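Novice: This structure is in structure tokens; I'll ask about it shortly.
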Amino acid sequence: MSGVWVFKNGVVRLVENPGADSLHGSNGRRKVLVHTPSDEVISSYAVLERKLFSLGWERYYDDPDLLQYHKRSTVHLISLPKDFNRFKSMHMYDIVVKNRNLFEVRDM
């Protein structure tokens, strides 16, 4: 558990990563998802979808608020916000974990 303990009005609470945007690391640098075989930065959902399709992922259309992908040979499901501007580092790491050695998150 990381963060800052804040004492206010007689209450102590943990504030994780105060003031940090989830697209920026602790060093203030922007996080990006990179397709490692091609060393290509994923700059849009169109680029990401092409990479996922080539790896055997299929698109699900069940939820209108999400982009969802499933791989038949696994139980994995990738769920992403429809708006690429809301694509955060937690989504990037989800893709990395479910596609070992094919994607990585880097600081820009």
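Bear in mind that the values in this text are calculations on the coordinates, not laboratory data. Remember, predicted model here, so these are calculated numbers, not experimental data. Because the Cβ atoms are built from the backbone with ideal geometry, glycine has one as well, and the counts that use them run over all protein chains shown.
Novice: From the phi angles alone, apply the Karplus equation (6.51, -1.76, 1.60; θ = phi - 60°) to segment 101-108 and give each ³J(HN,Hα) in whole Hz, x where the residue is Gly or Pro.
Specialist: Values per residue, Gly and Pro as x: 6, 10, 9, 8, 9, 10, 7, 9 Hz.
Novice: Also: Show me, for segment 62-74, the HN-Hα J-couplings you get by feeding each phi into the Karplus relation (A = 6.51, B = -1.76, C = 1.60, θ = phi - 60°), rounded to Hz, glycine and proline as x.
Specialist: In residue order, the calculated couplings are 5, 10, x, 8, 10, 9, 10, 10, 10, 10, 4, 7, 9 Hz.
Novice: Here's a follow-up. Calculate the spin-label point distance for Ser38 paired with Met108, positioning each point 7 Å from the Cα along the beta-carbon direction, and give it in nanometres.
Specialist: Reported label-point gap for Met108 and Ser38 is 1.6 nm.
Novice: Where does the charge balance sit around Leu66 when Lys and Arg score +1, Asp and Glu -1, over other residues with C-beta under 13 Å from its C-beta?
Specialist: -2
Novice: Relative to the Cα centre, what is the charge dipole magnitude of the chain, using +1 at the beta carbon of each Lys and Arg, -1 at the beta carbon of each Asp and Glu, and rounding to the nearest 20 debye?
Specialist: Here the chain has a charge dipole of around 180 debye.
Novice: Going by amide H atoms built from the backbone, whose H comes under 5 Å of the H on His76, apart from near neighbours?
Specialist: Here the answer is Lys71, since their amide H atoms fall under 5 Å of that of His76.
Novice: Taking amide H positions as placed 1.01 Å from N in the peptide plane, with prolines and chain starts having none, which residues 5 or more places from Ile42, or on another chain, fall under 5 Å of its amide H?
Specialist: Leu33, Val34, His35
Novice: Helix 89-98 versus the longest principal axis of the chain: what is the Cα-based angle in degrees, 0 to 90, to the nearest 10?
Specialist: 50
Novice: Next up: Quick check on the chain: what does the Kirkwood estimate of hydrodynamic radius come out to from the alpha carbon pairs, in Å?
Specialist: 15.6
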